[in-house]
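Engineer: Take a look at the following structure, please.
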Amino acid sequence: MLDHIHGIIQTELYADEARNREILELPSPNHILYRFVPGNSELFVGNIEVELFRASIPVITVRQTALFRMGQNCKTAV
């Protein structure tokens, strides 16, 4: 049934936690790639690192690069 699915891209979480858990548990045993696109993508400009807190909670670190700041300054100066 799932042979034709190669990947899942989820763009937001459902209010129903059971539905989210169902989606998260589907990919691994079925060899399907899972990706999540967090909302408010303006916050995620720069170098991004994902770590696991207590081995199970994903935490996203965003480090603003100097080039990003320079681009922002040039953009506002124009």
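The values are calculated or read from the model by the stated rules, or taken from the named source; none is laboratory data. Keep in mind that what you see is a predicted model, and the values were worked out from it rather than measured. Heads up, the Cβs are rebuilt from the backbone with ideal geometry, glycines too, and the neighbour counts pull from every protein chain shown. Heads up: the accessible areas ignore ligands, DNA and RNA and are worked out on the full protein's heavy atoms, side chains in. Shrake-Rupley method; radii C 1.70, N 1.55, O 1.52, S 1.80 Å.
Engineer: Accessible area per residue, 1.4 Å probe, Å², for the range 7-46: what's the number?
Structural biologist: Using a 1.4 Å probe on heavy atoms only, each residue of the range 7-46 averages 80 Å².
Engineer: By the scheme Lys and Arg +1, Asp and Glu -1, what is the net charge of all other residues having a beta-carbon under 15 Å from that of Pro58? Mind showing how you got there, number by number?
Structural biologist: Numbers: positive: Arg21, Arg35, Arg54; negative: Glu49, Glu51.
Net charge in that neighbourhood comes out at +1.
Engineer: Let me ask you something else. Which of the three applies to the range 1-40, rounded, prolate or oblate, going by the alpha-carbon gyration tensor with a ≥ b ≥ c and a/c under 1.5 meaning rounded? Intermediate results must be reported in sequence, preceding the final value.
Structural biologist: Details: a/c = 2.63, a/b = 1.49, b/c = 1.77.
It is oblate, given that a/c is not under 1.5 and a/b is not larger than b/c.
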